[in-house]
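One structure is given here, and the rest of the page talks about it.
The values are calculated or read from the model by the stated rules, or taken from the named source; none is laboratory data. Computed from a prediction, not measured in an experiment: that's the story for all the values here. We place every Cβ from the backbone using ideal geometry, glycine too, and count neighbours over all the protein chains shown. Keep in mind that these areas ignore ligands, DNA and RNA; they rest on the heavy atoms of the full protein, side chains included. Shrake-Rupley method; radii C 1.70, N 1.55, O 1.52, S 1.80 Å.
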Amino acid sequence: MGQEGIGALCNVYVYLNQGTDSVPVFDDSTPILHSGMPFSDWRCAAVREDVDRDGLDDLVLGEWYSSVRLYRNEGTNAAPVFNGFTNLVLPDSQSFLNGNPPRINFCDWDGDTDRDMITCDYYGSVFLRRNATLAVKEQSTQVISSQVPGATIVRGMLRLRGWADDGALLLDAAGRTVMNLTPGSNNVGRLRSGVYFVSSISRGGRLKLVLRN
């Protein structure tokens with residue numbers, strides 16, 4: 001829940017369900033932190049969504065100047081960590097033509113298997129923003145790499161024989177941890193096409209892994 005900021009500080013809060021789905025009980029709120037600090041966006045509207053489909057719930061924030069910001073989860077779902085953001089919709093502090101402030105929802109509006117974004121605002125406008133990226137289909141995922149011996153993938157499940165016995169990490173091209181790898185099957189069917197690196201704790205170093213969807 002976003003707080004308006006009139007008569008109190010701006011912030012984003014979470015109310016954890018202390019009951020059940022059928023009989024929810026909500027106690028005191030807890031502020032969500034960004035780079036270790038509270039949010040300061042006025043009249044912000046927050047939604048929890050796994051936007052990049054990496055298995056981690058991200059934070060999407062519509063804020064007063066019409067922008068929609070994506071804060072990727074760099075922690076876990078139980079203990080999310082939010083730092084820098086990406087503008088999904090650029091701010092427009094002059095004409096507010098993007099909606100002010102945007103309330104956000106994601107759905108497959110046009111039936112092409114990827115999720116589009118629908119926003120509405122305080123003044124009654126509704127905006128549709130289609131997802132222009134290609135959908136990731138788990139059935140067509142392939143792994144192509146000569147630098148990771150024993151790497152195989154079937155229906156989006158990656159298996160690394162020997163490389164994850166003592167623990168390994170899958171890193172993106174920027175060196176950020178995408179997921180922990182286990183000796184068994186690892187679900188990479190939702191990852192974007194691109195270059196990744198397998199970092200083995202016992203063997204050291206990084207080996208290149210190319211995913212194509």
- Message: Take the conditions under 24 Å from Asp108 (Cβ atoms), of a type outside the set (Phe, Trp, Tyr) and touching a strand residue (DSSP E or B) at 6+ places or on another chain (Cβ under 8 Å) and apply them to Val14. Does it pass?
- Response: no
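Sort out which residues of the stretch 155-173 are in a loop (DSSP other than H, G, I, E, B) and either surrounded by 15 or more Cβ atoms within 10 Å (Cβ to Cβ) or at pLDDT 75 or above (or both), and write them in order of number. Spell out the reasoning first.
Step one: of the stretch 155-173, the residues in a loop (DSSP other than H, G, I, E, B) are 155-156, 161-167, 172-173.
Of everything in the stretch 155-173, those that are in a loop (DSSP other than H, G, I, E, B) and either surrounded by 15 or more Cβ atoms within 10 Å (Cβ to Cβ) or at pLDDT 75 or above (or both) turn out to be Gly156, Trp163, Ala164, Asp172, Ala173.
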- What pairs can you find where one residue is in the stretch 14-36 and over 18 Å from Met1 (Cα atoms), the other is loosely packed, with under 11 Cβ neighbours inside 10 Å, and their Cβ atoms are less than 6 Å apart, with a gap of 6+ or different chains? Gly19/Val25
- Only listed residue being on the phi > 0 side of the Ramachandran plot and touching a Cys at 6+ places or on another chain (Cβ under 9 Å), chosen from Arg53, Arg43: Arg43
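Do we find a residue being in contact (Cβ under 8 Å) with a residue 12 or more places away in the chain and within 18 Å of Arg176 (Cα to Cα) anywhere in the stretch 86-103?
Yes, that holds for at least one residue.
Of all residues being touching a residue at least 12 places away in the same chain (Cβ under 8 Å) and either among the small types (Gly, Ala, Ser) or in a strand (DSSP E or B) (or both) in the stretch 37-47, which is most open to solvent (accessible area, probe 1.4 Å)? Just the residue, please. Talk me through it step by step, then tell me what you get.
Pass one, the stretch 37-47, residues touching a residue at least 12 places away in the same chain (Cβ under 8 Å): 38-47.
Then keep just the ones that are either among the small types (Gly, Ala, Ser) or in a strand (DSSP E or B) (or both); that gives 38, 40, 45-47.
On the way: Pro38: 67, Ser40: 96, Ala45: 15, Ala46: 41, Val47: 36 Å².
That would be Ser40.
In the stretch 1-19, which residues are among the polar types (S, T, N, Q) and open to solvent by 70 Å² or more (accessible area, probe 1.4 Å)? Outline the logic, then answer.
So the first thing to find is which residues in the stretch 1-19 are among the polar types (S, T, N, Q), and the list is 3, 11, 17-18.
Selection gives Gln18 alone.
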- In the stretch 42-54, what residues are modelled with pLDDT under 85 and under 28 Å from Asn180 (Cβ atoms)? Asp52, Arg53, Asp54
- Query: Hey, among the residues in the stretch 50-71 that are under 15 Å from Ile32 (Cα atoms) and surrounded by fewer than 19 Cβ atoms within 10 Å (Cβ to Cβ), which one's nearest to the chain's Cα centre (by Cα)?
  - Reply: Asp57
- What number of residues in the stretch 82-92 are part of a loop (DSSP other than H, G, I, E, B) and open to solvent by 60 Å² or more (accessible area, probe 1.4 Å)? 2
- Could you tell me which of the residues Phe96, Phe26, Phe85, Phe39 is of a type in the set (Phe, Trp, Tyr), at pLDDT 85 or above and either under 26 Å from Arg129 (Cα atoms) or touching a Pro at 6+ places or on another chain (Cβ under 7 Å) (or both)? Phe85
